[in-house]
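Notes follow the structure.
The values are calculated or read from the model by the stated rules, or taken from the named source; none is laboratory data. Just so you know, these numbers come straight off a predicted model, no measurement behind them. Ideal geometry is used to build each Cβ from the backbone, glycine not excepted, and the neighbour counts take in all protein chains shown.
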Amino acid sequence: MSQEKQHISSYTSHFVVLITLIILTGISVAVTRVEMGPLNTLVAMIIAGAKASVVLAWFMHLKFDNKLFAIFTALVLVIFLLVLYVTFFDYSYR
Amino acid sequence: MSETNTTNQHVSFLKYQGKYKGLLGWILSTDHKRVGLLYLYTMLVFFSTAAILGLLMKLELIAPGMTIMGPQTYNAMFTVHGIIMIFIIVVPGLPAVFGNFFLPLMIGAKDVAFPRLNLLSWWVYVIGILTVLSSQFIGGWPDTGWTFYAPYSFRTPVNILPALFGAFILGFSSILTGINFIVTMHRMRCPGMTWFKMPLFPWTLYATAWIQVLATPVIGITLLLTVMERVMGVGIFNPAMGGDPILYQHLFWIYSHPAVYIMILPGMGVISEILPVFSRKRIYGYKAIVLSSLAIAFVGYFVWGHHMFTSGMSGRALYAFSFLTFLVAIPSAIKVFNWVSTMYKGSLNLQTPFYWAVSFIFVFMIGGLTGLVLGSLATNVHVHDTHFVVAHFHFIVFGGTGFSFMAALHYWFPKMFGRMYDRTWANTGWVIFFSGFLTLYLPMFYLGILGMPRRYYDYLPEFHGGNIISSLGAIAMIAGILIVFVNLIRSSRHGEKVTEKNPWGGRTLEWQTDTPPTLENWETEPTVTEQPYEYK
Amino acid sequence: MEKITEHTAHVHRDDEGDKLGMWLFIFTELLLFGMLFLIYAVYRYKNPVAFQLGGEELDVFLGTLNTVILLISSATVAMSITAMQKGEKTKALILLGTTLFIAVVFLINKWFEWGAKIDYGLYPNSENLLELGHGTTLFFGLYYVMSGIHALHILIGIGLFVFVYRQIMVNKINKTDYVWLENVGLYWHLVDLIWIFLFPLFYLIH
Ligand SMILES: [Cu+2]
């Protein structure tokens, strides 16, 4: 319906986001070479989370779109993480 | 909207003619009202089928030993009865029929947000049904129970794949409806209808739609993995290959517990619509009902483990799930208090929809309170997998969803068909159905406590007495269903004509349009200024 | 009875609503893959050593390559939306074509990766795999299932790109009406998003 308030991302901004993502990928690959035990998993997941947030915010436009979309996305993630958490009530204590 | 309509005002949606004629004009129509009725007719057929299967099982159980069928047939019967009733009837049930028909009317919209997607979801639904039923012709009826528990579901000699695939496809239909409803409510409420002026049936549909969107993919992937397990042997749920069958149960119930709220929440919405109209009173605690619906939807995600108390979970998980289960009882109880308080000192109008609604509260309370017996660990171990469980979930699923479905049907019938049913027959049907229902299911609580296990075609002689009563109840209940259906079907064609817009004196928007509604629902877009249910 | 020629109710246009619908669909996909990640988490927790050894079997180079090209394809589809918004049709088509091309390359890489594994005798229910024990069976079972379902999404994405490409060609998607392109873009980013997690979980963590 209303198209006027559409935010248009510039080519440059997309390019910067892409470079950021590739650098993060590089870091993620490099850091696994370092032996840190269980911390490896944690670091890999944190970096993947950072990459995912960048994709969500810029490529998927959550930063500029209706805030509702961002709220819903957060809600879905919370539900997923809680389900994961509750499932491990079983597996961690079996 | 367009000039073509100005000459056609007051042509009901049942009569107008679009591009296609006759049957095609229905199965290709994107009109939300016609889609709703398509669902209704489809469900009528399959509900009757599955109800007959249920009756046959009860006849088998009328005496110990083999009465009319052997064990394999009995296993197939309860499986197919379960699959049809759960995936084809009660999960889509209220949203697909009454949600489709009345959601746009109640929020003052012309249609749902994606009408073509809406029609597609019916087609997907039909394809899903056909896939499920095709199992009869390729490899025999499934015999795993509707839960498809691993590892039996990939070891059983009968071909379970059509059933798994069919349920998977039915999930898609459910997701499409959910997406459609959420967008409709966000984008298409008429001017003045703020969120907190929205009637309660749409509100419960909103909570339901979120569950449909967020829980259905879980069963989708679980069924798909079971298919892969059977076809390729990936080993994910196969204990012989290192998989954990209990993980299957986790995933299955991560969907299937919230699915119980897909079934019951819209029913609660229907009751919240009917009671104020027939009590001539404002609903008590509108916001409490709204918030408790959302709370049920949210907390309902985290209680699935109560189906697995004897499966071998860790002790810690048992406590956690038991606690969370008790937590989710609170918002349900809040609703019961609200309904009772709505009727308190109201001027009650004793009509058929009201009878169904009040009996709903009664059976829902029995179902809910016995749910607490199952939710607490010590008693659960005693009655797990007995007829107690069967009675409990029939009180919730059939008593809850079924009674509210009937209530909705009798409440909105004049609006949908422009005719009124025979009230005497409707009330007679209700009395016979209700007493048959109680006679059928109440003895099963007792049998369960005595220790009669579920899912067997045979039982020890000491359980004979209770089973006779229960089976006779089943016959009475089917007779009641028959009376209700025959009355409604007959009346939809020959019943007394209703032309007034608002036969019950309702305050919500659907009563302010023509009876039956026209193609586009409104001549002029309605505007809302006050809360729903404002009775002076 | 008079005829009504057109059902007018669905003529109205609501881009915001269409996008909301797409986001809801994305949530279903997130939950679907989420459950696969949950299964992965449980089995990794139960078989830490086997999962570690399994991860070392996978080709980090191919994995990294696929990650990077998928990121590039995400950027190009995002840029093609920018081009469409600015009314630069040719640019939009080139960028979209690039995305389509990369999607195909991704699948080709996957083909070789899977082919090598299968030649090695590592596929579900193979004797070689079963000999390696329960944990490894589960690791490769999940590897095939998860990257397989992901590849299926790439395939669907390719179909969508072809469709959208045609729609732009015939000006059905244009400067003022491009919500289809946006939604297909969202879908593609989702596919990327899933891969962002699949990659470290299978290829990196040792
Ligand atoms: Cu439950």
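Pairing residues of the stretch B:303-318 that are more than 8 Å from chain A (Cβ to nearest Cβ) with residues that are within 14 Å of the ligand (Cβ to nearest atom) and part of a loop (DSSP other than H, G, I, E, B), at Cβ distances under 7 Å and at least 6 apart in sequence or on separate chains, gives B:Phe309/B:His384; B:Thr310/B:His384; B:Leu318/B:Phe309. Regarding the stretch B:518-530, can at least one residue be identified that is among the hydrophobic types (A, V, I, L, M, F, W, C) and in contact with a strand residue (DSSP E or B) (Cβ under 7 Å, 6 or more places away or on another chain)? No - not one qualifying residue is present in the stretch B:518-530. For the stretch B:296-310, indicate whether the set of residues that are under 21 Å from the mean Cα position of the chain (by Cα), buried (at least 24 other Cβ atoms within 10 Å of the Cβ) and away from the ligand (no atom under 16 Å from the Cβ) is non-empty. No - not one qualifying residue is present in the stretch B:296-310. Checking each residue in the stretch B:352-370 for being within 16 Å of the ligand (Cβ to nearest atom) and more than 18 Å from the chain's Cα centre (by Cα) picks out B:Leu369, B:Thr370. A single entry from B:Tyr284, B:Tyr261 fulfils the requirement of being among the aromatic types (Phe, Trp, Tyr), closer than 19 Å to B:Phe360 by Cα and within 16 Å of the ligand (Cβ to nearest atom): B:Tyr261.
So that you can scan it fast, the table gives a plain yes or no per residue for (1) touching a helix residue (DSSP H, G or I) at 6+ places or on another chain (Cβ under 9 Å); (2) in contact (Cβ under 8 Å) with a residue 12 or more places away in the chain; (3) away from chain C (no Cβ under 14 Å); (4) within 30 Å of B:Arg282 (Cα to Cα):
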| position | (1), (2), (3), (4) |
| --- | --- |
| B:Ile169 | yes, yes, yes, no |
| B:Trp195 | yes, no, yes, yes |
| B:Met198 | yes, yes, yes, yes |
| B:Ile211 | yes, yes, no, yes |
| B:Ala215 | yes, yes, no, no |
| B:Leu225 | yes, yes, no, no |
| B:Met228 | yes, no, no, no |
| B:Met232 | yes, no, no, no |
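All of (1) within 14 Å of another protein chain (Cβ to nearest Cβ); (2) within 16 Å of the ligand (Cβ to nearest atom) hold for B:Cys190 with one exception: (2). For first residues located in the stretch B:114-139 and within 25 Å of B:Thr79 (Cα to Cα), partners that are of a type in the set (Ser, Thr, Tyr) and at pLDDT below 95 and lie 6+ apart or on another chain with Cβ distances below 8 Å do not occur. Counting just the residues of the stretch B:19-61 that are within 14 Å of another protein chain (Cβ to nearest Cβ) and assigned to a loop (DSSP other than H, G, I, E, B), which one comes out farthest from B:Val90 (Cα to Cα)? Once the filter is applied, the top-ranked residue is B:Lys19. Scanning the stretch B:224-251 for residues that are within 16 Å of the ligand (Cβ to nearest atom) and of a type in the set (S, T, N, Q) returns a single hit, B:Gln249.
Within the stretch B:251-280, residues that are of a type in the set (D, E, K, R) reach partners that are away from the ligand (no atom under 16 Å from the Cβ) and in a helix (DSSP H, G or I) with beta carbons closer than 8 Å, at six or more positions or on different chains, in the pairs B:Glu273/B:Leu200; B:Glu273/B:Phe201; B:Glu273/B:Tyr411. Within the stretch A:35-94, the set of residues being of a type in the set (Lys, Arg) and at the interface with another protein chain (Cβ under 9 Å from one of its Cβ atoms) comprises A:Lys51, A:Arg94. The residue that is surrounded by the most Cβ atoms within 10 Å (Cβ to Cβ), among those in the stretch B:449-459 that are out of contact with any Asp or Glu (no Cβ under 7 Å at 6 or more places or on another chain) and under 18 Å from B:Glu60 (Cβ atoms), is B:Met452.
Quick grid of which residues meet (1) away from the ligand (no atom under 16 Å from the Cβ); (2) touching a residue at least 60 places away in the same chain (Cβ under 8 Å):
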residue	(1), (2)
B:Val381	yes, yes
B:His384	no, yes
B:His387	yes, yes
B:Tyr411	yes, yes
B:Thr424	yes, no
B:Gly429	yes, no
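Against the conditions (1) under 27 Å from B:Glu534 (Cα atoms); (2) of a type in the set (Ser, Thr, Tyr); (3) surrounded by fewer than 24 Cβ atoms within 10 Å (Cβ to Cβ), B:Ser256 satisfies every one except (1). On the given criteria, is B:Ser347 crowded, with 22+ Cβ neighbours inside 10 Å, away from the ligand (no atom under 16 Å from the Cβ) and among the polar types (S, T, N, Q)? In short, no. The set of residues in the stretch C:129-177 that are among the hydrophobic types (A, V, I, L, M, F, W, C), more than 13 Å from C:Ala103 (Cβ to Cβ) and more than 14 Å from chain B (Cβ to nearest Cβ) comprises C:Phe163, C:Ile168, C:Met169, C:Val170, C:Ile173. When the stretch C:11-26 is limited to residues that are over 15 Å from A:Met60 (Cα atoms) and facing another protein chain (nearest Cβ under 7 Å), the one that is surrounded by the fewest Cβ atoms within 10 Å (Cβ to Cβ) turns out to be C:Arg13. From the list B:Ile289, B:Ile254, the lone residue that is within 16 Å of the ligand (Cβ to nearest atom) and either modelled with pLDDT of 95 or more or over 28 Å from B:Thr156 (Cβ atoms) (or both) is B:Ile254. Among the residues of the stretch A:68-81, are any out of contact with any Cys (no Cβ under 7 Å at 6 or more places or on another chain) and in a loop (DSSP other than H, G, I, E, B)? No, there is no match, as no residue in the stretch A:68-81 is out of contact with any Cys (no Cβ under 7 Å at 6 or more places or on another chain) and in a loop (DSSP other than H, G, I, E, B). Within the stretch B:491-506, being at positive phi and more than 27 Å from the chain's Cα centre (by Cα) holds for no residue. The residues of the stretch A:65-77 that are modelled with pLDDT under 95 and surrounded by 14 or more Cβ atoms within 10 Å (Cβ to Cβ), listed by number, are A:Asp65, A:Asn66. The single condition among (1) aromatic (Phe, Trp, Tyr); (2) closer than 22 Å to B:His410 by Cβ; (3) within 16 Å of the ligand (Cβ to nearest atom) that B:Phe278 does not satisfy is (3). Quick check: anything in the stretch B:313-329 assigned to a loop (DSSP other than H, G, I, E, B) and within 16 Å of the ligand (Cβ to nearest atom)? Yes, the conditions are met somewhere in the stretch B:313-329.
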